[in-house]
Amino acid sequence: MKHILVAMDVSEVSDRAFERALQLAQAHDSRLTVMHVIDDDELKDNDPNTKDRLIEQATMHLRRHWANLPPSSATRIGAIVKIGSVSKDILAEVATRQVDLIVLGMHRATTKDRFTGTKAGNIVRNSLVPVLVVKDKPACPYRKVVAASDFSLSSQHALGAGLKIAPEAAVCLLHVFQTPFSSRIKVNAEELAEYERPLIDQSQREADAAISAFVKTNGAFSGSVTPRLERGEIGPGIDKIVAEQNADLLVMGTHSSGGFVGAILGSYAIGFLNAPPCDVLVAR
């Protein structure tokens, strides 16, 4: 991971996003770009002097976040302030500057302005690179991760991205499933075990493949990936395991494997951001 971009405004949640982005950048020896976009739609004064003044003020505000860092760290941080479309300009910078990870702050969702309908939600939906949405103030590197999987290419990419930002974490690779016609047919223990067996095998293969890919690119892997099956509905199943594991990061793919269950997981990855219990990493 060579380049991280954190999108900021002037809120406390943006401060948390910067702190997490800085921790990741230092851990991976990555460049860090701190970006703020002044929404052109909310700018009433079109005077060029006013725009220049706003850009200068915003740049000074951003630079205060790393003013006290040693020069060796501060020189790897750059600030970008623009006036325009928040999501479009951020995604354009990501493509132009070959960014590997976007970091956003988790703003409080309301009934009127849900995360999935916000500018940050647009970035998550349209980004070609993983997006980390930070909810909590970081106290340490990620230690406990739940990676939800539907065995799709998207969830495999998400797991790989999760291992990159949390290489020393204990990862629970979670597959939530429902048995066919479970609402109408009772399944005994033997039938359930028979149904679960190929799912367990597939989960283990996915875990082994992710670790092998990580080792090939990054060297030794000091964390762990443990497959886990949970029978039930996807949303509550993920909530249950995140709480049970006391996870500080949830990893999900935004594009499903197809079919009914896959479609639910793909859409749930976006909808979950309305009220996540912890930081969330999403990837295509």
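Before moving on, here are some points about what is shown:
- Counting protein heavy atoms only, the chain has 51 percent of its accessible area on carbon and sulfur, 1.4 angstrom probe.
- Isotropically averaged projected area of the chain, using the convex hull of Cα atoms (one quarter of hull area), nm²: 16.5 nm²
- Rough spin-label spacing in nm, given labels placed 7 Å along Cα→Cβ, for ILE55 and ASN126: 2.2 nm
- Unsatisfied cross-links (Cα-Cα over 25 Å) in the set LYS144/LYS240; LYS216/LYS240; LYS135/LYS240; LYS88/LYS144; LYS2/LYS137: LYS216/LYS240; LYS88/LYS144
- Listed residues SER154, SER72, SER30, most fluctuating in the chain (Gaussian network, C-alpha, under 10 Å): SER72
- Relative to the dominant Cα principal axis of the chain, helix 234-245 is inclined by about 80°.
- Length gained when the stretch ALA170-ASP29 is fully extended (0.36 nm per residue, less Cα-Cα span): 48.5 nm
- Applying 1/(1 + (r/R0)^6) with R0 = 30 Å to the Cβ-Cβ distance of ASP41 and PHE177 gives a FRET efficiency near 0.10.
- Look at where the Cα atoms of the range 116-140 and of the range 1-26 average out, and the two centres are 11 Å apart.
- A crude spin-label estimate for the pair GLU191 and THR96, with each label 7 Å from Cα along the Cβ direction, gives 6.0 nm.
- Seen against the Cα atoms of the chain and their longest principal axis, helix 259-271 is set at about 30 degrees.
- Of all the options VAL13, VAL131, VAL171, the one that moves most in a Gaussian network model of the chain with Cα springs shorter than 10 angstrom is VAL13.
- Taking the C-alpha atoms only, the angle from helix 86-96 to the longest principal axis of the chain is near 80 degrees.
The values are calculated or read from the model by the stated rules, or taken from the named source; none is laboratory data. Because the structure is predicted, anything quoted here is derived from the model rather than measured. Don't worry about glycine lacking a Cβ; one is built from the backbone with ideal geometry, like all the others, and counts go over all protein chains shown. Ligands, DNA and RNA are stripped out before the accessible areas are found, and what is left, the full protein with its side chains, is counted by its heavy atoms. Shrake-Rupley method; radii C 1.70, N 1.55, O 1.52, S 1.80 Å.
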